[in-house]
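Input: a single structure, listed below in structure tokens.
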Amino acid sequence: MSTKYNLRYNKLYGKKSDNMNKHKAKKHFGQNFLTDKNLLNKIVEEAGVENKDVIEIGPGMGALTQFLVKVASTVTAYEIDLDLKPVLNQLEKHNNNLTVKYEDILKTDIPNDKVYDVVANIPYNITSPIIFKLLESSNINSATLMVQKEVCDRITSKPGTKDYNALTVIINYYMEVTKVMNVSKKLFRPIPKVDSAVFKMRRREKELNDDEEKLFIEIVKSSFHQKRKTLLNNLSFSFEVNKEKINELLQKLNINSNERAENITLEQFIELTKIWNNI
Ligand code: SAH
């Protein structure tokens, strides 16, 4: 680790935290640590988690954690890398509202005892499974997440743009999504190849029942299966249903049979799900 790197850490955490300077970032765990105090403050501010119960995914060396514990009621942090234990133990010792669990977030059950808000600079290699896990956990009220900039652009994109895809539609069904800010890669150590961005998602009221939601996800994923194909072709291929019957449904929703999924709004996908059983 370079001297410059050490100096930045000393500034952020205080000089006594020797352990922090010894940790070597692990690529396979998606470790790129945040170093900028103003940015960390801003993320916590935008998350709006005063007196809330917070879940953090991948606290790393506790850069974000130390700001979260100041405002949140409790912080439960999930960290896969046991080598970070000495650093996080210190933080836990000084903040009795912090609990660190050394577990893989994808393998653990998110506690359902309370409503939680998530704030995290997540490992980018498992972005989609993390987001799906949060969507499926109905007691997650909101999540403020740092992700790769391209992923944020996709999640916050509108119909008719190249970024709009199945993930966009599915996230926007469960959550109200807003972009918070772009973040330069220079604010991480080690500096990653990609730029980042922060977005916030807040749970919306359900418009479909549980069975319909499963069907909705299937319809959306199938519709985008082959981007160049029409909605009609993608749907009839995945569901093995007669094209005429699907076309009848599309006409009821005033959707042209040549339309592609990228031009279909969330509301239209919801309506299509509701009438799909009429086939
Ligand atoms: N939040 C810290 C670290 C971000 S790097 C900061 O901003 O500085 C991502 C973190 O996620 C690393 O600490 C990494 O060890 C952890 N991580 C990676 N995969 C994980 C998993 N499956 N479950 C929990 N934590 C994970």
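For the residues 186, 221, 227, 245, the requirement of being assigned to a helix (DSSP H, G or I) and at pLDDT below 95 singles out 245.
Listed here are the strands (runs of 3 or more DSSP E) enclosed by region 56-166 that have at least 3 residues being within 13 Å of the ligand (Cβ to nearest atom) and in contact with a Leu (Cβ under 9 Å, 6 or more places away or on another chain): 74-78, 116-121. The criterion of being in a loop (DSSP other than H, G, I, E, B), farther than 16 Å from residue 152 by Cα and either open to solvent by 30 Å² or more (accessible area, probe 1.4 Å) or of a type outside the set (S, T, N, Q) (or both) holds for residue 208. Looking at region 260-273, which of its residues are crowded, with 16+ Cβ neighbours inside 10 Å and not aliphatic (A, V, I, L, M)? If the condition is that a residue be crowded, with 16+ Cβ neighbours inside 10 Å and not aliphatic (A, V, I, L, M), then 260, 262, 268, 269, 271, 273 are the ones that fit.
The values are calculated or read from the model by the stated rules, or taken from the named source; none is laboratory data. These figures come from a predicted structure and were not determined experimentally. So basically every Cβ, Gly included, is an ideal-geometry build from the backbone, and we count neighbours across all protein chains shown. Areas reflect the complete protein model, heavy atoms only, side chains present, ligands, DNA and RNA absent. Shrake-Rupley method; radii C 1.70, N 1.55, O 1.52, S 1.80 Å.
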